[in-house]
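What follows is a single structure, written as structure tokens, with notes after it.
Every number here is computed from the coordinates shown, using simple stated rules; none is lab data. Everything numeric in this text was worked out from a predicted model, so none of it was measured. Here the Cβ positions follow ideal geometry from the backbone for every residue, glycine too, while neighbour counts run over all protein chains shown.
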């Protein structure tokens, strides 16, 4: 996206809204590590994005959601109208919100699933109304501006959750709950717990039962799930950390850097240093 075609509204360093209204092809090959929560609403356009080393294509109106630490780059895009909401955790505090609309809820907890949500025409009208109110509020300097901006952001997130729940099947059965609990535990502990047994014990089930539950959902095995999360974080750090490979290995819970190197190479087909060399700008 060309800088001159973007208009930015900002409240201190905690919340911003960018509007894009032009039609231009764009290719951005350099990955960017996201350091805030971001909501992208491509109101009209198409393109191909890379998110955490996975490729996603879209055409039409689409919403997608990124969390701090994720890697994002544009392979190609042609955008006529789009919006980007960016905020820090302290601005939209996860502890004060229902689990579904929190920053680890159904929208932002998407390291493991396609992060896109497609609104219908009626949804687009509602989202448009919220965006217009946000822009008006950014332009004002009235009392309690912080609270009003936060309220509009919450409305946008709530409506996005409703869109996802209406058009994307969100199962609530025991197997799905176990998967969600497992994925949250992995997200919180993958740097220090690497075995399926560790997680099964914390969930109060046997490793065999956990593996059977995964098989029912058609998802990869718990072991692969843990491994893939470690590899994703390893790739992030290899690209953006200034630490030596051995210190990245230690941070990810490997006592032996040589074992980490073999683990990474087996999973990716490249050694950590080869991956760095070929992917760093």
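For residue 259 and residue 162, compute 0.36 nm times the residue count separating them, minus their Cα-Cα distance, and round to one decimal in nm. Don't skip to the end; give the middle numbers.
On the way: separation 97, 0.36 × 97 = 34.92 nm, distance 4.46 nm.
Length gained between residue 259 and residue 162: 30.5 nm.
How far, in nm, would the chain grow between residue 191 and residue 133 when pulled straight, counting 0.36 nm per residue and subtracting the alpha carbon separation?
Additional length available on full extension: 16.7 nm.
Within the stretch 196-235, which residues have the backbone N less than 11 Å from the label spot 7 Å out from residue 270 along Cα→beta-carbon, could you tell me? The answer is 235.
Using Cα pairs under 8 angstrom and six or more residues apart, how large is the relative contact order of the stretch 174-279, in percent? Walk me through the intermediate numbers first.
Working: 83 pairs, mean separation 24.2, N = 106.
Result for the stretch 174-279 is 23 percent.
Zone of residue 46 (label point 7 Å along Cα→Cβ, backbone N under 12 Å): which residues in the stretch 60-81? What the label zone holds, given the 12 Å backbone N cut-off, is 60-61, 77-79. Take 79-91, 127-139 and order them by the average number of nearby Cβ atoms within 10 Å per residue, most first; the result is 79-91, 127-139.
Computed over the alpha-carbon pairs of the stretch 174-279, the distance histogram in 10 Å steps reads 15, 44, 27, 14, 1 percent, short to long.
Just to verify a number: FRET efficiency for residue 56 and residue 144, C-beta to C-beta distance, R0 = 35 Å, to 0.05? According to the calculation, E is roughly 0.40. What the Cβ-Cβ distance of residue 118 and residue 73 gives, at R0 = 25 Å and to the nearest 0.05, is a FRET efficiency of 0.70.
Stretching residue 202 away from residue 8 to a fully extended chain increases their span by 65.3 nm, per 0.36 nm per residue minus the current alpha-carbon distance.
Rank by packing, highest mean first: peptides 10-17, 222-229, 251-258, with packing defined as the count of other Cβ atoms within 10 Å averaged across residues.
On the way: 10-17: 16.1, 222-229: 18.0, 251-258: 14.4.
With the highest mean Cβ count within 10 Å placed first, the list reads 222-229, 10-17, 251-258.
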